[in-house]
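Written out below as structure tokens is the structure these notes cover.
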Amino acid sequence: MADIRLEDVGHSYDGGRTWAVRPMTWTWRSGRAYALLGPSGCGKTTLLNIMSGLITPTTGRVWFGEREVTSVPTAGRNIAQVFQFPVLYEEMSVYDNLAFPLRNRRYPKDEVDRRVRAVSRMLGLDAHLGRRSRRLDPGRQQIVSLGRGLVRSDVAAVLLDEPLTVVDPAVRWTLRSTLKEIHRDTGHTLVYVTHDQTEALTFADEVVVLKDGAIVQAGEPAELFLSPAHEFVGHFIGSPGMNTLPGEVADGLVRVGGQVAGRADGPLPPGPVRVGVRPEFARLGDGPGSPGLPAEVTGVDRMGAYDLVHVRAAGHPLVARAEAGSPYEPGAAEFVRFAVGRVFLFRDAVRCGQVVPLNGRAG
């Protein structure tokens, strides 16, 4: 196994007029589990196919360790790739489909059997090993495809392109845990493409967020949730996503709709900003010294385990989180206070500071 390094790699399908993947330099470190997260059309699959060799990039070079593989075909890269939909030999049994990548590389018979049965056991396929693959439902077929990608122990990386799309939602949680277990056992470099934030945050050591063909932030799941460096990350991760309010910085103070929400945590040129705070860090109630805004309740969503309280704060909609069974009712005047250290300022969608209490201390 080795690092996968992209050196000024970019790809255009129309001769450079637009970029599916904007030129980037990035390293996928050996042995890590990554989630490549972003909306449909942001370039995730193109980037994955550049790494696997299915696409030769328009610009840049691809390295596996110290070996350049930019023009090396997929078969020469020693990777395993699992696609969004099942890719199987339908007339073969499940056992033979799992064994095929090993037999093709002339693994000893005993080793083939050991690896097949180990992967089968982890993926819950033991009862299906003798069945022809075409007789399985699409979700089970995809699990077999996943097994084919994981059965080899000698690959440089395993690349997975939304592999759980056709799998029953009730089974996905188990499979994500299984993938983490397999990763711990094998130490493979895993790159897992998904548009599902839950899959990304529960599976990966590191989440790489892609937007319009460019990486806007990468980090551990908690870092992306607690400290978004880009406005898009705040919106895309979280349910619901981060609130953003139009604001203004002048003389160090942050105002929203003419109301002072707090002050900027450092020198910041005057001008417009976006104020971002997650519902989890916006609470209703008195908050002397806390950053925040006066607000009027407009509605309450009773979610069971908690309530989401909708308010208008300084003339703008905002969602705050409250305990289940909260007493808030539409029309009530409240104060929405923001957790210190969790209210961010953005300019041109990039984080440029934080909102802190007027006295500089937590209340």
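The values are calculated or read from the model by the stated rules, or taken from the named source; none is laboratory data. Computed from a predicted model, the values in this text were never measured in an experiment. Cβ coordinates were reconstructed from backbone atoms using ideal geometry, including for glycine residues, and neighbour counts include every protein chain displayed. Ligands, DNA and RNA are stripped out before the accessible areas are found, and what is left, the full protein with its side chains, is counted by its heavy atoms. Shrake-Rupley method; radii C 1.70, N 1.55, O 1.52, S 1.80 Å.
Being assigned to a strand (DSSP E or B), out of contact with any Phe, Trp or Tyr (no Cβ under 9 Å at 6 or more places or on another chain) and open to solvent by 70 Å² or more (accessible area, probe 1.4 Å), is that true of even one residue in the range 19-33?
Yes, the range 19-33 has at least one match.
Just for the range 219-237: of the residues that are without any contact (Cβ under 8 Å) to a residue 24 or more places away in the chain and of a type in the set (A, V, I, L, M), which one is least open to solvent (accessible area, probe 1.4 Å)?
224
So, of the residues in the range 119-133 that are of a type outside the set (A, V, I, L, M) and open to solvent by 20 Å² or more (accessible area, probe 1.4 Å), which turns out to be nearest to residue 95 (Cα to Cα)?
Ranking the qualifying residues of the range 119-133, first place goes to 130.
If the requirement is being within 17 Å of residue 244 (Cβ to Cβ) and free of Cβ contacts under 8 Å to residues at least 40 places away in the same chain, which of these qualifies: 278, 312?
From the options 278, 312, the qualifying one is 312.
Being in contact with a His (Cβ under 8 Å, 6 or more places away or on another chain), open to solvent by 40 Å² or more (accessible area, probe 1.4 Å) and not β-branched (Val, Ile, Thr), is that true of even one residue in the range 267-280?
no
Any residue at all in the range 248-262 that's touching a residue at least 40 places away in the same chain (Cβ under 8 Å), outside any strand (DSSP E or B), assigned by the TED database to the domain that holds residue 336 and surrounded by fewer than 19 Cβ atoms within 10 Å (Cβ to Cβ)?
Checked the range 248-262: at least one residue is touching a residue at least 40 places away in the same chain (Cβ under 8 Å), outside any strand (DSSP E or B), assigned by the TED database to the domain that holds residue 336 and surrounded by fewer than 19 Cβ atoms within 10 Å (Cβ to Cβ).
Taking the condition in the same structural domain as residue 89 (by the TED database), touching a residue at least 40 places away in the same chain (Cβ under 8 Å) and among the acidic types (Asp, Glu), does residue 154 pass?
Yes: the conditions hold for residue 154.
Condition check ((1) outside any strand (DSSP E or B); (2) under 30 Å from residue 166 (Cα atoms); (3) open to solvent by less than 10 Å² (accessible area, probe 1.4 Å)) across all residues:
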{"site": "2", "(1), (2), (3)": "yes, no, no"}
{"site": "7", "(1), (2), (3)": "no, no, no"}
{"site": "35", "(1), (2), (3)": "no, yes, yes"}
{"site": "47", "(1), (2), (3)": "yes, yes, yes"}
{"site": "63", "(1), (2), (3)": "no, no, no"}
{"site": "100", "(1), (2), (3)": "yes, yes, no"}
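Can you spot a residue in the range 117-133 that is touching a strand residue (DSSP E or B) at 6+ places or on another chain (Cβ under 8 Å), in contact (Cβ under 8 Å) with a residue 40 or more places away in the chain, part of a helix (DSSP H, G or I) and within 28 Å of residue 64 (Cα to Cα)?
Checked the range 117-133: no residue is touching a strand residue (DSSP E or B) at 6+ places or on another chain (Cβ under 8 Å), in contact (Cβ under 8 Å) with a residue 40 or more places away in the chain, part of a helix (DSSP H, G or I) and within 28 Å of residue 64 (Cα to Cα).
Filter the range 139-175 down to the residues that are charged (D, E, K, R) and surrounded by 17 or more Cβ atoms within 10 Å (Cβ to Cβ), then identify the one that is farthest from residue 29 (Cα to Cα).
Top of the filtered list is 140.
Mind checking which helices (runs of 4 or more DSSP H) fall wholly inside the range 171-237 and carry at least 2 residues that are under 15 Å from the mean Cα position of the chain (by Cα) and hydroxyl-bearing (Ser, Thr, Tyr)?
So the answer is 197-203.
I'd like the residue in the range 315-363 that is free of Cβ contacts under 8 Å to residues at least 60 places away in the same chain and of a type in the set (Val, Ile, Thr) and, out of all such residues, is surrounded by the fewest Cβ atoms within 10 Å (Cβ to Cβ).
The extreme case among them is 340.
Can you name the residue in the range 238-247 that is touching a residue at least 40 places away in the same chain (Cβ under 8 Å) and within 15 Å of residue 346 (Cα to Cα) and is also surrounded by the fewest Cβ atoms within 10 Å (Cβ to Cβ) among such residues?
In this case the residue turns out to be 246.
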